[in-house]
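Asks: My questions all concern the structure below.
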There are 2 protein chains.
Amino acid sequence: MGLVVQKYGGSSVADAEGIKRVAKRIVEAKKNGHQVVVVVSAMGDTTDELIDLAEQVSPMPSGREFDMLLTAGERISMALLAMAIKNLGHSAQSFTGSQAGVITDSVHNKARIIDVTPGRIRTALDEGNIAIVAGFQGVSQDKKDITTLGRGGSDTTAVALAAALDAEVCEIYTDVDGVFTADPRVVKKARKIDWISFEDMLELAASGSKVLLHRCVEYARRYDIPIHVRSSFSGLQGTWVSSEPLVKTQQQGEKPVEQAIISGVAHDTSEAKVTVVGVPDKPGEAAVIFRTIADAEINIDMIVQNVSAAATGLTDISFTLPKAEGRKAIDALEKNKSGIGFDSLRYDDQIGKISLVGAGMKTNPGVTADFFKALSDAGVNIELISTSEIRISVVTRADDVNEAVRAVHTAFGLDSDSDEAVVYGGTGR
Amino acid sequence: MGLVVQKYGGSSVADAEGIKRVAKRIVEAKKNGHQVVVVVSAMGDTTDELIDLAEQVSPMPSGREFDMLLTAGERISMALLAMAIKNLGHSAQSFTGSQAGVITDSVHNKARIIDVTPGRIRTALDEGNIAIVAGFQGVSQDKKDITTLGRGGSDTTAVALAAALDAEVCEIYTDVDGVFTADPRVVKKARKIDWISFEDMLELAASGSKVLLHRCVEYARRYDIPIHVRSSFSGLQGTWVSSEPLVKTQQQGEKPVEQAIISGVAHDTSEAKVTVVGVPDKPGEAAVIFRTIADAEINIDMIVQNVSAAATGLTDISFTLPKAEGRKAIDALEKNKSGIGFDSLRYDDQIGKISLVGAGMKTNPGVTADFFKALSDAGVNIELISTSEIRISVVTRADDVNEAVRAVHTAFGLDSDSDEAVVYGGTGR
């Protein structure tokens, strides 16, 4: 039995009862012979309450102090968790990000981990302790200031520690049973995925699946750390995310899982679409537009350029971006209107994105056709299309998204009462 | 203009409004040309809420984790305070006890400061920042674990930093106007003391005055750091605690304060009295009793041994101690009854202590007589007496305490409408 890193999110440790429940679970892993490192988030709504307080004293809280403030949240949960474990008769020590050796850059509020030096954790484990580590936080390499890792930071802490400690697995405990073939709130027949590859998980995360964030999966893939996403409220097996399905499931005494052609359907209604209308169709135009956007530090998702209308020599360029960045993008483009040279801007935040993800589609040419047919049969109009080797995404009206997701989920045999997934021949069906 | 350390207690930063008010006050000091270091406690009831949480997960929270938990409180208040100051256009940086170089021993929950190495604070000041430091916390020298300093710890942090940074003054901001000649809740005519010596302040603190704790005053005396206790809710001068009255008050443009014969009257109803009845009156008996108490780690206050009754060769020994320790003391003595050899124990928690403090009493023999006469005139019966060079304390019934304090306060001319304090001749009056 080797070393296990377990991560518990805020909903799992929302109150004293939750903390005691999680403590029992941790002690079980220890009793099973594992060395256990636990990464914990702030309790329930703590972080939101701290943000509220910050906004009351300052409309623009600064990065360094904001990080100092927010990290109080994990400090509370980790100390309580260590106490609860001790109360069960096992030794535990809690460590801040800094004490655990989580070294980051100096970009406050969204720092990146640049090194992990878990000497104190290693010592604590060797002395027979369970080590509890504050998620989401680190210390900057140059200034020794407290930093936070931004959204999903605790998952990243867990994976980074698992990599640095050469853990067998990084278990991400959450309030759902695992990763599903679609959002179960939208698709009642969504199935829990037993195993998914890093690549497919990365595409799902990028396409709107909220269970794991892209950054954490990317980190796990780089260091080949298997992730097991599971519920802290049940003892069920969740979803394994790893490079190879066989090793991990055999280890758990289960039968090997075969790789499905399609992993799942993700959707995202958090984006908006900006269309730059009447752009001269000449080399370098797109570069100017997207340099303007990049300079405003806005991340964009899909980009589509229409075929130029021969008569005018003008074209339209559309892109999608988080709604929260919409205002900033429009302002940046308007400000540089003469430099870019366009007629007008259109802003549309009533869009949704549906993505089909699966490494199997690379070798199954029928997938794309089936995808479009399913959408068409459901009466869903497609506005933009973008593809990767293992993903097809379309933008539709936001109102159509749920119906579209259900239609695609059924068409690809992902519904939980289906006997098996759709089988593709060389030409599709 | 030199360096000033300001300390704000939890009631001064109880909510966002309080934090903004305190921020303005800090910025004023900075505008007046001072380098400003601010030590801040946790907001209002934060610490109590954290203790509640700890008790929910564990009946006996451990020292290390308990300290980790509690220090979250100052982390929140200090980050918010730094944000609020920045919002007023001044630069501020917050520092944990560890970052500020507050090095302690490893006694969790009541660590003692063994060194202060404020290199980062000095740098922050030299760069023009206001430095905000978490009170009450430090880092242990040997294990690098987070520690807390126990009751009144933030005041001690402030004085220790003032000493290490060679500050002009350590300002302790609180919710009262300063140190009074008696508790204003008991004595309506209590006067604010303009200046008091370290020695008298130490005796007042040891006798029940709650404004400053003994430990903090002791630290200030050792390093000769003037303390200015004042209200965070007004701009009034408070009470200066220092070795010499002239220097500090002239600096503030006020007339020199003459040392009063009597500084004030303190009272304390938090103690209980234990009487060990029927102890053989032979050498070594008291030593056995108080070794038993010391081994149980109980701090005692007054000790009185009655004159032995010649007929029996037995005597009684009484001592006072915090009520909270009463049970433990009785248990320890009963357990060692045969070793000590006594008849019975009496426990009385309906007592109160009244103390008169003033360096002037050393050279004024009439003080003691006047003190007893005032109590006698008020019909207060005295049960125990203890004296130091600059203090007389008596134990009475708890019910008599308030009346006794008022009578003594009036008798010594301390009431605020008195024209002047009582003047002593060589023989008293």
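Asks: I'd like the orientation of helix B:366-377 relative to chain B: the angle between its Cα long axis and the longest Cα principal axis, in ° from 0 to 90, rounded to 10.
Replies: Once rounded, the angle reads 70 degrees.
Asks: Here is a further query. Output the relative contact order of the stretch B:43-167, whole-number percent, from Cα pairs under 8 angstrom with separation of 6+ residues.
Replies: 25
Asks: Which distances in nm, rounded to one decimal and ordered from shortest, link the label point of B:G150 to the equivalent label points in the other identical copies, with labels set 7 Å from Cα toward Cβ?
Replies: 4.6
Asks: So what are the ³J(HN,Hα) numbers for the stretch B:170-181, from phi and the Karplus equation (6.51, -1.76, 1.60; θ = phi - 60°), rounded to whole Hz, Gly and Pro as x?
Replies: Result, ordered by residue: 10, 8, 9, 8, 9, 9, 10, 7, x, 8, 10, 5 Hz.
Asks: When the Cα centres of the stretch A:146-169 and the stretch A:327-362 are compared, how far apart do they sit, in Å?
Replies: If we compute the Cα centre of each part, the gap is 32 Å.
Asks: Would you kindly work out, in nm and rounded to one decimal, the distances from the label point of B:L88 to those of the same position in each other copy, ordered shortest first, with label points 7 Å along Cα-to-Cβ?
Replies: For B:L88, the inter-copy label distances come out at 4.8 nm.
Asks: Please find, among residues of chain B, the one with the beta carbon closest to the rotation axis relating it to chain A, distance in whole Å.
Replies: Nearest Cβ to the rotation axis, residue and whole-Å distance: B:A72, 2.
Asks: Using the Karplus curve 6.51 cos²θ - 1.76 cosθ + 1.60 with θ = phi - 60°, what ³J(HN,Hα) values do you get for each residue of the stretch B:119-134, in whole Hz, with x for Gly and Pro?
Replies: 3J(HN,Hα) across the stretch B:119-134, in whole Hz: x, 5, 5, 4, 4, 4, 5, 4, 8, x, 7, 8, 9, 10, 10, 5.
Asks: Roughly what would the spin-label model give for A:R346 and A:E297, points 7 Å off Cα along C-beta, in nm?
Replies: Simple spin-label model gives 3.1 nm for this pair.
Asks: Kirkwood Rh and Cα-based Rg: tell me the resulting Rg over Rh for chain A, rounded to two decimals.
Replies: 1.01
Asks: Right, another one. Compute the long axis of helix A:401-411 from its Cα atoms, compare it with the longest principal axis of the Cα atoms of chain A, and write down the angle in degrees, 0 to 90, nearest 10.
Replies: Roughly 80 degrees, rounded to the nearest 10.
Asks: Sticking with this structure for a sec: Counting partner chain Cβ atoms within 10 Å of every residue's Cβ in A:89-96, what's the average?
Replies: 3
Asks: Would you compute the Debye intensity of the stretch A:3-256 from its alpha-carbon atoms alone, equal scatterers and no solvent, and pass along log10 I(q)/I(0) at q = 0.12, 0.13 Å⁻¹ to two decimals?
Replies: Calculated log10 I(q)/I(0) at the listed q: -0.66, -0.78.
Asks: So, one more: For the protein assembly as shown, how big is Rg over Rh, using alpha carbon atoms and the Kirkwood form of Rh?
Replies: Reported Rg/Rh, Kirkwood definition of Rh: 1.11.
Asks: Also: When the Karplus curve 6.51 cos²θ - 1.76 cosθ + 1.60 is applied with θ = phi - 60°, which whole-Hz ³J(HN,Hα) does each residue of the stretch A:46-53 get, with x for Gly and Pro?
Replies: 3, 4, 5, 5, 5, 5, 4, 4
Asks: Let me ask something else. Hey, quick one: spin label on B:V288, modelled 7 Å out along Cα-Cβ, who in the stretch B:308-345 has an amide N within reach, i.e. under 12 Å?
Replies: B:336-343
Asks: Collect residues whose amide H, placed 1.01 Å from N in the peptide plane, falls under 5 Å from the amide H of B:V102; neighbours closer than 5 in sequence don't count.
Replies: Amide H to amide H, under 5 Å and 5 or more residues apart or across chains, B:V102 pairs with B:T117, B:V139.
Asks: Within the accessible area of the stretch B:3-260, what % is carbon and sulfur when the probe is 1.4 Å and the other protein chains stay in place?
Replies: Looking at the stretch B:3-260 in its full context, I get 48 percent from C and S.
Asks: Taking each residue of A:47-58 in turn, how many C-beta atoms of other protein chains fall within 10 Å of its C-beta, and what is the average? Let's see the in-between values first.
Replies: Working: counts 0, 0, 1, 4, 0, 1, 9, 6, 2, 8, 16, 12.
Per residue, the number of nearby Cβ atoms from other chains is 5 on average.
Asks: Can you tell me, using C-alpha contacts under 8 Å and at least 6 residues apart, the relative contact order of the stretch A:3-256 as a whole percent?
Replies: Details: 549 pairs, mean separation 48.8, N = 254.
Relative contact order comes out at 19 percent.
Asks: Going by the alpha-carbon gyration tensor, a ≥ b ≥ c the square roots of its eigenvalues, is the stretch B:77-132 rounded (a/c under 1.5) or, if a/c is not under 1.5, prolate (a/b greater than b/c) versus oblate?
Replies: Oblate, because a/c is 1.5 or more while a/b does not exceed b/c.
Asks: So, one more: Under a 5 Å amide H to amide H cut-off, with H placed in plane at 1.01 Å, what residues pair with B:W195 once short-range neighbours are removed?
Replies: Under 5 Å from the amide H of B:W195 lie the amide H atoms of B:W240, each far enough along the sequence or on another chain.
Asks: For B:D166, go 7 angstrom from Cα along the Cα-to-Cβ vector, then report the distances to that same point in the other copies in nm, smallest first.
Replies: Listed shortest first, these distances are 5.2 nm.
Asks: Please compute the length gained on full extension between B:D52 and B:S234, using 0.36 nm multiplied by the number of residues separating them and subtracting their Cα-Cα distance. Show your work: numbers first, answer last.
Replies: Details: separation 182, 0.36 × 182 = 65.52 nm, distance 3.27 nm.
Result for the pair: 62.2 nm of gain on full extension.
Asks: Would you mind giving the mean number of other chain beta-carbons within 10 Å of the Cβ of each residue in B:66-74, as a whole number?
Replies: What the average comes to for B:66-74 is 6.
Asks: Okay, next question. What ranking do A:175-185, A:127-137, B:99-109, A:311-321 get when scored by the average of other Cβ atoms within 10 Å per residue, highest first?
Replies: On the way: A:175-185: 19.8, A:127-137: 25.3, B:99-109: 21.5, A:311-321: 17.4.
Most protected by this proxy first, the peptides run A:127-137, B:99-109, A:175-185, A:311-321.
Asks: How many Å² of accessible area per residue for chain B, probe 1.4 Å?
Replies: Here the per-residue accessible area is 42 Å².
Asks: Is the stretch B:119-172 rounded, prolate or oblate when judged by the Cα gyration tensor, a ≥ b ≥ c being the square roots of its eigenvalues, rounded requiring a/c under 1.5 and prolate requiring a/b larger than b/c?
Replies: Values: a/c = 2.20, a/b = 1.34, b/c = 1.64.
Oblate, because a/c is 1.5 or more while a/b does not exceed b/c.
Asks: Next question, about the same structure. If amide H atoms are built 1.01 Å from N in the plane of the peptide, which residues on other chains or at least 5 residues away come under 5 Å of the amide H of A:Q35?
Replies: A:L3, A:V4
Asks: Add -39500 (n - 2.57) for each DSSP H run of 4 or more in chain A, then divide by its residues: what number comes out at 222 nm, to the nearest 500 deg cm²/dmol? Before the final figure, lay out each step's value.
Replies: On the way: 14 runs with 146 residues, N = 429.
Helices in chain A give a 222 nm mean residue ellipticity of -10000 deg cm²/dmol.
Asks: I would also like to ask the following. Using the alpha-carbon centroid of each, what span in Å lies between the stretch B:190-208 and the stretch A:207-228?
Replies: 62
The values are calculated or read from the model by the stated rules, or taken from the named source; none is laboratory data. All values derive from a computational prediction rather than experimental measurement. Don't worry about glycine lacking a Cβ; one is built from the backbone with ideal geometry, like all the others, and counts go over all protein chains shown. Only protein heavy atoms, including side chains, enter the accessible area calculation; ligands, DNA and RNA are left aside. Shrake-Rupley method; radii C 1.70, N 1.55, O 1.52, S 1.80 Å.
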